[in-house]
Amino acid sequence: MLIAYGVDYAWINRQMFDVKTKERIKLESFLGGKTEYFFDDRVALIAVTTDIQKEYSMTPNDFDGISALTTRVESVEIGIVIKQRGEKTFKISMRSTGNVNVGKLCVALGGGGHAKAAGCLLNGAFEEVKEKLIKCAGEAL
């Protein structure tokens, strides 16, 4: 319908989904290289620490959309992003590309969401939080 009014849908699509700042491209490239894989590459995990946030001069909200990076690899069924919010506070985002209901996983961890996208907040030391998430994902596969 918008096409009938002369709306440049191609431009709108590009602005919404393709155009990124140079800083965002650098960040995605960096995080892509830091992605960890588990369980025969069926689980991908990206950790965004406060050090990374400072290095890229970004606020936690600037990292929105990073979850999509974890599910771009064809073998990945569960993508996990750990975003550090405080010394021992972490915002967790999970994505599913297959039959795993990450909403149920996050509910079990005190959060919520739906089958394909969910999240929660976890407290503790980084390595403990990471191990808990890897174990949880492995049990769900």
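Scanning segment 113-141 for residues that are part of a strand (DSSP E or B) and either hydrophobic (A, V, I, L, M, F, W, C) or on the phi < 0 side of the Ramachandran plot (or both) yields A117, A118, G119, C120, L121, L122, N123.
If we keep just the residues of segment 105-117 that are farther than 17 Å from K130 by Cβ and touching a strand residue (DSSP E or B) at 6+ places or on another chain (Cβ under 8 Å), which is surrounded by the most Cβ atoms within 10 Å (Cβ to Cβ)? So the residue we want is G113. Do we have any residue at all in segment 60-80 that's of a type in the set (V, I, T), touching a residue at least 12 places away in the same chain (Cβ under 8 Å) and in contact with a Phe, Trp or Tyr (Cβ under 6 Å, 6 or more places away or on another chain)? No, because not a single residue in segment 60-80 is of a type in the set (V, I, T), touching a residue at least 12 places away in the same chain (Cβ under 8 Å) and in contact with a Phe, Trp or Tyr (Cβ under 6 Å, 6 or more places away or on another chain).
Would you please name the residue that is surrounded by the most Cβ atoms within 10 Å (Cβ to Cβ), looking only at residues in segment 77-104 that are within 15 Å of the chain's Cα centre (by Cα) and assigned to a helix (DSSP H, G or I)? Among them, the one singled out is V102.
Only residues that are closer than 12 Å to L122 by Cα and not hydrophobic (A, V, I, L, M, F, W, C) were counted across segment 65-100, and they come to 9. In a residue-by-residue description of segment 65-76, the property of being more than 19 Å from K34 (Cα to Cα) and loosely packed, with under 14 Cβ neighbours inside 10 Å applies to no position. Within segment 36-49, residues that are more than 10 Å from S75 (Cβ to Cβ) sit with their Cβ atoms under 9 Å from residues that are of a type in the set (D, E) and assigned to a strand (DSSP E or B), at 6+ positions apart or across chains, in these pairs: L45/E36; I46/E36; A47/E36.
Taken residue by residue, segment 39-60 has at least one member that is in a helix (DSSP H, G or I) and in contact with a strand residue (DSSP E or B) (Cβ under 7 Å, 6 or more places away or on another chain). Candidates are the residues of segment 39-48 that are over 16 Å from S29 (Cα atoms) and under 15 Å from the mean Cα position of the chain (by Cα); the one that is surrounded by the most Cβ atoms within 10 Å (Cβ to Cβ) is V43. Scanning segment 114-132 for residues that are under 18 Å from T50 (Cβ atoms), out of contact with any Leu (no Cβ under 6 Å at 6 or more places or on another chain) and not charged (D, E, K, R) returns L121, L122, N123, G124, A125, F126.
Matching residues to (1) aromatic (F, W, Y); (2) touching a helix residue (DSSP H, G or I) at 6+ places or on another chain (Cβ under 8 Å); (3) within 28 Å of K26 (Cα to Cα); (4) at pLDDT below 90:
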| residue | (1), (2), (3), (4) |
| --- | --- |
| G65 | no, no, yes, yes |
| E74 | no, no, yes, no |
| F90 | yes, yes, yes, no |
| A125 | no, no, yes, no |
| K135 | no, no, no, no |
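The values are calculated or read from the model by the stated rules, or taken from the named source; none is laboratory data. Quantities reported herein were computed from a predicted structural model and do not represent experimental measurements. Reconstructed Cβ throughout: ideal geometry from the backbone, glycine too, with neighbour counts over all protein chains shown.
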